[in-house]
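Right, one structure below, let's go through it.
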Amino acid sequence: MWLPVLGLIFGIALGLLSTVAIPVAFAKYLSIAVLASLDSLLGGWRAILEDHFDAPILLSGFLTNAFVAALLAYVGDILGLDLYLAAVVAFGLRIFSNIGFIRRFLIYRFRCKHQLKAAGSEKITLNDNEYDQQLNKEAAQYAKQNREEDIPTYHFIKNNSTPPLPADEPKTKD
Amino acid sequence: MKHPIISTKIKKWQIPLFIVLMIFGFVLVAQYRTNVAVQNNLTNLSISELTELVININEREAALSAEREQLQATLDGINEKIDTGISMTATTQNQLNTMQMITGRVPVQGPGISITITGESYLIYHDLITLVNELFVTGAEVVCINDVRITHRTLINETLDEFGHRDITIDGKVLLLPIIIKAIGNQDTLEKGLTFTGGIINKFNTIYQVFPIVKKEEKLSIPAAKVSPSLYLKSVFRESVEEESVEE
């Protein structure tokens, strides 16, 4: 976890120390690019949590989204259309969606661990790899389904299996 | 066997995320700075803001020019003082040089006449004193006898040697022959003052059978006098000034 944070700090420091000045005319395009980058970053975080992280996809998505968003804004300027609004809306929606996913995932994980601790099973170490992976899968599944009304009881303690998700119930939104 | 900590610490997603976050941080800061520049841009200001800005700038400009004028006046004053100081220094230096030349503290040179007295003569120290007095009277500025500068403290006297002869002394030293007297001043005046009929040279020739040779010289060099320091002298003027300042 420390390495990406270090990357952010390093990038900010680089930006502060460098004297590279971006022309004022490009400010709008750059802001769209920043939004796209933020979206890609959150997507990357989500992918990590879902355990299907792919480095080339993240990097290419990061660069392409930023570039295309800026290009879209530029083309919109030429055509006299506020095309950048499309990018803002699209990325905004995705950012909130991703944040919602990450939030639910983390809350689910935290609650499960809390329950396990409360159940008093000190024999199972909380740092166990297999347990962690299982928990992550559960959390991802949970977060995907947007289910917030109930937290499934932790079945893993009993029978070492994933909790059955009630598929027949209608899905609810936030 | 892999180290458990290392194998769990650096995961495969950390390096790409490091790169992406680094670029993101850089772009974020760049965007922030650009945005600040946009906000500070004059084209984004309203007419009232621009008017206020112009008024502020004008006020600042007026204040700065007033300050500049004040500083210029101060500078002029200082320069004037420096010039006065320089001229005062030069005047004082000139006066000091003149005083040093007059009191015999420095060697001097200039046009004048030389009087050479050779051979045995019946010259006595009184005659020498008269001659020197005559030279000063006729306008000599500096006089020396055998390279001994004549000042207000020079003593011309005589002494008896072991054979009973009278020897002329200057400041206690016996004057040897030939006696060469140098005087700086107007050559013509000096020469005429000595050699006119009935003058001192004429007296020497007729009464004492002494025949001095008077010669005009274009460039005479006269050494400095041996000046002993004044131990008891005090300037009355300076003392009175000091007393006044103490009283104040």
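The values are calculated or read from the model by the stated rules, or taken from the named source; none is laboratory data. This is a predicted model, so every value here is computed, not measured. Positions of Cβ are backbone-derived with ideal geometry, glycine not excepted, and every protein chain shown enters the neighbour counts.
Per-structure values
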{"read-out": "Among the candidates A:A55, A:A13, A:A33, residue that is modelled with pLDDT of 90 or more and either within 14 Å of chain B (Cβ to nearest Cβ) or crowded, with 19+ Cβ neighbours inside 10 Å (or both)", "value": "A:A13"}
{"read-out": "Residue satisfying all of: in the range B:10-50; more than 9 Å from chain A (Cβ to nearest Cβ) and farther than 18 Å from A:F26 by Cα; surrounded by the most Cβ atoms within 10 Å (Cβ to Cβ) among these", "value": "B:L45"}
{"read-out": "Sole residue being part of a helix (DSSP H, G or I), aliphatic (A, V, I, L, M) and modelled with pLDDT under 90, chosen from B:M101, B:M88", "value": "B:M101"}
{"read-out": "Test: B:G198 is over 33 Å from the mean Cα position of the chain (by Cα) and small (G, A, S)", "value": "yes"}
{"read-out": "Set B:T197, B:T206, B:T169, B:T151: member being in a helix (DSSP H, G or I) and hydroxyl-bearing (S, T, Y)", "value": "B:T206"}
{"read-out": "Qualifying residue in the range B:172-180 (condition: in a strand (DSSP E or B), at pLDDT 85 or above, over 27 Å from B:S230 (Cα atoms) and in contact with a strand residue (DSSP E or B) (Cβ under 6 Å, 6 or more places away or on another chain))", "value": "yes"}
{"read-out": "Given (1) under 32 Å from the mean Cα position of the chain (by Cα); (2) touching a residue at least 60 places away in the same chain (Cβ under 8 Å), index of the condition B:T98 fails", "value": "(2)"}
{"read-out": "Failed item, numbered, when A:L63 is tested on (1) of a type outside the set (D, E); (2) within 16 Å of B:F24 (Cα to Cα); (3) away from chain B (no Cβ under 13 Å); (4) out of contact with any helix residue (DSSP H, G or I) (no Cβ under 8 Å at 6 or more places or on another chain)", "value": "(3)"}
{"read-out": "Residue within the range A:45-52 that is in contact (Cβ under 8 Å) with a residue 60 or more places away in the chain, more than 8 Å from chain B (Cβ to nearest Cβ), outside any helix (DSSP H, G or I) and on the phi > 0 side of the Ramachandran plot present", "value": "yes"}
